[in-house]
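Have a look at the structure below before the remarks.
The values are calculated or read from the model by the stated rules, or taken from the named source; none is laboratory data. Bear in mind the structure is a predicted one, so any value in this text is a computation, not a measurement. Note that we place each Cβ from the backbone using ideal geometry, even for glycine, and neighbour counts take in every protein chain shown.
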Amino acid sequence: MSTHHKVIVVGTGPAGFTAALYASRANLDVAIFEGQQPGGQLTITTEVENYPGYEHGIQGPEMMDIFRKQSQRFGAKSIYETITKVDFSVKPFKLWSESNEYTADSVIIATGAKAKLLEIPSEQTYWGSGISACATCDGFFFKGEKIFVIGGGDTAMEEANYLTHFGESVTLVHRRDEFRASKIMVERTKKNPKVKIITNAVVDEFLGEQKMGVKKLTHIRLKDTKTGETSVHEAGGCFIAIGHSPNSDIFKEYLETDENGYLITEGKSSKTKIPGVFACGDVQDHVYRQAVTAAGSGCMAAIDAERWLAEQE
């Protein structure tokens with residue numbers, strides 16, 4: 001296998017695969033490094049109903065396999081290794097996996113982000129079976145349920161208000177009695193009659209049942225951070241909204257990030273401060289974080305890369 005490519009895409013998901021699709025259709029030599037989670041965050045998502053073109057919805061892993069095959073149809077090559085180190089100070093750019101060194105004339109970064117989780121065992125037990133980290137993605141599935149939102153920032157407030165369109169009730173749980181959210185978001189949430197707020201509490205355990213081999217969240221046990229007392233509440237759904245972590249660490253030596261680690265791109269483009277290096281998807285988008293916007297930014301990155309490469313020649 002060649003170790004030099006015209007374009008190397010680091011990461012997959014809708015952003016990475018779309019970038020690879022557009023770049024390979026432009027007759028560029030493209031390699032996609034699929035990393036530790038081939039297909040990205042959507043591979044741990046069950047039903048995707050809000051991506052245009054799938055009238056009846058589609059399973060996340062199936063959708064990403066279609067994206068992969070479509071990019072490969074035009075010559076993009078998937079390499080199932082994780083890029084662990086880069087050097088953007090030299091041309092061609094250098095990238096290393098655990099076992100090999102690669103070079104590229106242009107690099108598209110699509111490493112995404114991961115939701116910060118509570119890291120308790122039962123969280124994984126009911127993940128995708130009542131627990132989610134994206135209200136916009138999954139809120140529709142919780143119509144008529146008693147929904148809990150965990151967090152105290154703007155995202156938690158936004159998700160709590162949004163989920164009142166679906167849930168019978170929404171309860172926001174925060175570990176302190178002061179919120180990180182902006183004042184206007186706190187006021188809006190407090191004024192919403194369908195939102196109840198519990199402060200000075202953390203999730204102690206997620207509880208549920210299993211019928212016919214299918215797991216389902218049914219209750220949530222909270223622990224008072226001041227008294228240590230626990231209480232059990234009926235819950236058909238729970239959304240973790242304590243922030244996201246962009247997968248940008250290996251690029252920080254060379255590229256600019258904001259205070260939360262998201263890669264900074266120029267204006268409405270995918271260009272980073274280093275010519276020839278582009279970023280797309282959730283690693284540079286802390287606002288929308290949707291499959292369709294990630295795919296759109298992947299398209300932008302491929303077009304930006306194609307035009308930049310043409311200028312070099």
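Summary table
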{"quantity": "Residue ID - farthest from residue 176 (Cα to Cα), chosen from residues in segment 190-239 that are over 29 Å from the mean Cα position of the chain (by Cα) and in a strand (DSSP E or B)", "calculated": "211"}
{"quantity": "Of residues in segment 284-313 being in a helix (DSSP H, G or I) and among the hydroxyl-bearing types (Ser, Thr, Tyr), the one nearest to residue 21 (Cα to Cα)", "calculated": "297"}
{"quantity": "So residue 53, is it touching a residue at least 24 places away in the same chain (Cβ under 8 Å), assigned by TED's automatic domain parsing to the domain that holds residue 282 and not in a strand (DSSP E or B)", "calculated": "no"}
{"quantity": "Qualifying residues in segment 154-186 (those that are of a type in the set (A, V, I, L, M, F, W, C) and touching a Lys or Arg at 6+ places or on another chain (Cβ under 8 Å)) - the one nearest to residue 221 (Cα to Cα)", "calculated": "172"}
{"quantity": "Selection within segment 245-261 - surrounded by 21 or more Cβ atoms within 10 Å (Cβ to Cβ) and within 28 Å of residue 147 (Cβ to Cβ)", "calculated": "246"}
{"quantity": "Count of residues meeting criterion [under 11 Å from the mean Cα position of the chain (by Cα) and under 22 Å from residue 30 (Cα atoms)] in segment 264-304", "calculated": "6"}
{"quantity": "Options 245, 270; residue that is touching a residue at least 24 places away in the same chain (Cβ under 8 Å), out of contact with any Lys or Arg (no Cβ under 6 Å at 6 or more places or on another chain), polar (S, T, N, Q) and under 30 Å from residue 86 (Cβ atoms)", "calculated": "270"}
{"quantity": "Of residues in segment 241-271 being of a type in the set (D, E, K, R) and not in a loop (DSSP other than H, G, I, E, B), the one farthest from residue 138 (Cα to Cα)", "calculated": "271"}
{"quantity": "Number of positions in segment 155-184 that are of a type outside the set (Ser, Thr, Tyr), surrounded by 17 or more Cβ atoms within 10 Å (Cβ to Cβ) and not in a loop (DSSP other than H, G, I, E, B)", "calculated": "10"}
